[in-house]
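Engineer: Here it is: the structure, laid out below.
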Amino acid sequence: MGAHSENHTAWPGRVPAVREFGAWNGLGLRTLYMKEVRRFMRVAPQTLLAPIISNLLFMTVFVLAFAEQRGGGNPEFIRFLAPGLVMLGILNNAAANSSSSLMTGKVMGSIVDVLMPPLSHVELALGYIGGAVTRGLLVALATALALSVFFTPLVPVHLWAVVYFSVSAALAMSMIGILSGIWAEKFDQLAVVNQFIILPLSYLSGTFYHIDILPPLFYKISLANPLFYLIDGFRYGFLGEADGNVLIGALLIAAINLILFLVVLRVLKSGWRLKA
């Protein structure tokens, strides 16, 4: 009788300040993360294999088409280009994973299945970020192995830089993908973000060239591009050489990721464009 009375009075008319099952929903977070991983693994030829083939084609074009005119057949050029292509895979795929997941959920109406379970905004953020980071790093690893087999061995000189800048890039782009996926109301708007913001910043960040060959104005513009520091730092990890200041780049990217994470948490907590 006492137990029945206790259970009866625990719920009516009261909204618990803290979730009844604990402050941290580890099971829910793990479930959301696995959902994100399984989502892109189900279409692995599109999400994992296609980016690898694209990067191999990029390398082939540069090596063959510019062998004489631009030094494309030079082993030093190939060694310079390869890390940039690996980083390009991280940038594009981490952003695409989180943005497409949210956009698909909103369009299909299945986003409610994610919002209804007792997941906090922090757990939602970590689940989506974790899935996007996993895809970005898997593409990077597979691309690095493919380039090493067909073109040039990619052996880290500074392992800390390879790990730090690859993970930082995946984190940054996963959070940008979350924000663009929440903001966009249809896939056309999502394509605008990818085609007119992410793609130009990726290509104009020193992926295919040294920025010191640019005119002074464009050199300064490149230094203002955060993606330049990701690619430059990642390349430094393999070559031991950098066009910019690696330490400044590492600190700048850490600050940007912190700001992005706080913005993502704020947006998810508010439910903007997610909750009716």
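The values are calculated or read from the model by the stated rules, or taken from the named source; none is laboratory data. Small disclaimer: the values here were computed from a predicted structure and weren't measured. Cβ coordinates were reconstructed from backbone atoms using ideal geometry, including for glycine residues, and neighbour counts include every protein chain displayed. SASA here: full protein model, heavy atoms, side chains in, ligands and nucleic acids out. Shrake-Rupley method; radii C 1.70, N 1.55, O 1.52, S 1.80 Å.
Engineer: Can you find, within region 142-173, the residue that is farthest from Leu260 (Cα to Cα) among those that are among the polar types (S, T, N, Q) and open to solvent by less than 20 Å² (accessible area, probe 1.4 Å)?
Structural biologist: Thr152
Engineer: Residues to consider are Pro45, Pro118; find the one that is open to solvent by 10 Å² or more (accessible area, probe 1.4 Å) and in a loop (DSSP other than H, G, I, E, B).
Structural biologist: The conditions single out Pro118.
Engineer: Working carefully through the options Gly181, Gly136, find the one that is at pLDDT below 95, open to solvent by less than 20 Å² (accessible area, probe 1.4 Å), within 20 Å of Gly89 (Cβ to Cβ) and part of a helix (DSSP H, G or I).
Structural biologist: Exactly one of Gly181, Gly136 is at pLDDT below 95, open to solvent by less than 20 Å² (accessible area, probe 1.4 Å), within 20 Å of Gly89 (Cβ to Cβ) and part of a helix (DSSP H, G or I), namely Gly181.
Engineer: If I filter region 188-198 for residues that are at pLDDT 90 or above and either assigned to a helix (DSSP H, G or I) or open to solvent by 50 Å² or more (accessible area, probe 1.4 Å) (or both), do I get at least one hit?
Structural biologist: Checking region 188-198: not a single residue is at pLDDT 90 or above and either assigned to a helix (DSSP H, G or I) or open to solvent by 50 Å² or more (accessible area, probe 1.4 Å) (or both).
Engineer: So is Thr60 free of Cβ contacts under 8 Å to residues at least 60 places away in the same chain, at negative phi, among the β-branched types (Val, Ile, Thr) and assigned to a helix (DSSP H, G or I) or not?
Structural biologist: yes
Engineer: Something else: Within region 205-222, can you find the residues that are outside any helix (DSSP H, G or I), of a type in the set (Ser, Thr, Tyr) and open to solvent by less than 30 Å² (accessible area, probe 1.4 Å)?
Structural biologist: If the condition is that a residue be outside any helix (DSSP H, G or I), of a type in the set (Ser, Thr, Tyr) and open to solvent by less than 30 Å² (accessible area, probe 1.4 Å), then Ser205, Thr207 are the ones that fit.
Engineer: Further, regarding this structure: If you go through region 223-243, how many residues are touching a Gly at 6+ places or on another chain (Cβ under 8 Å), farther than 16 Å from Ile90 by Cβ and either outside any helix (DSSP H, G or I) or open to solvent by less than 10 Å² (accessible area, probe 1.4 Å) (or both)?
Structural biologist: Number of matching residues: 2.
Engineer: Collect the residues in region 253-270 that are touching a residue at least 24 places away in the same chain (Cβ under 8 Å) and either surrounded by fewer than 18 Cβ atoms within 10 Å (Cβ to Cβ) or under 26 Å from Phe228 (Cα atoms) (or both), keeping them in residue-number order.
Structural biologist: Matches in region 253-270: Ile253, Ala254, Ile256, Asn257, Leu260, Phe261, Val263, Val264, Leu265, Lys269.
Engineer: Being of a type in the set (A, V, I, L, M) and either on the phi > 0 side of the Ramachandran plot or modelled with pLDDT of 65 or more (or both) is the filter here, so list the residues in region 63-75 that pass it.
Structural biologist: Val63, Leu64, Ala65, listed by residue number.
Engineer: Being more than 21 Å from Leu126 (Cα to Cα), within 14 Å of the chain's Cα centre (by Cα) and of a type in the set (Gly, Ala, Ser): is that true of Ser202 here?
Structural biologist: Yes, satisfied.
Engineer: Oh, and also: Given (1) in contact with a Leu (Cβ under 7 Å, 6 or more places away or on another chain); (2) more than 17 Å from Ala250 (Cα to Cα); (3) small (Gly, Ala, Ser), where does Ala140 come up short, assuming only one miss?
Structural biologist: Only one criterion in (1) in contact with a Leu (Cβ under 7 Å, 6 or more places away or on another chain); (2) more than 17 Å from Ala250 (Cα to Cα); (3) small (Gly, Ala, Ser) is unmet by Ala140, namely (1).
Engineer: What about Gly130, is it closer than 12 Å to Ile178 by Cα and either crowded, with 16+ Cβ neighbours inside 10 Å or not β-branched (Val, Ile, Thr) (or both)?
Structural biologist: yes
Engineer: Given Ile111, Ile90, which one is at negative phi and buried (at least 21 other Cβ atoms within 10 Å of the Cβ)?
Structural biologist: Ile90
Engineer: Which condition number in (1) free of Cβ contacts under 8 Å to residues at least 40 places away in the same chain; (2) within 23 Å of the chain's Cα centre (by Cα) is the one that Ser99 fails?
Structural biologist: (1)
Engineer: Looking at region 106-125, I want the residues that are among the acidic types (Asp, Glu) and have a partner that is open to solvent by 50 Å² or more (accessible area, probe 1.4 Å) and at pLDDT below 90 with Cβ atoms under 8 Å, at least 6 apart or on another chain. Which pairs are those?
Structural biologist: Correct list of pairs: Glu123/Trp24.
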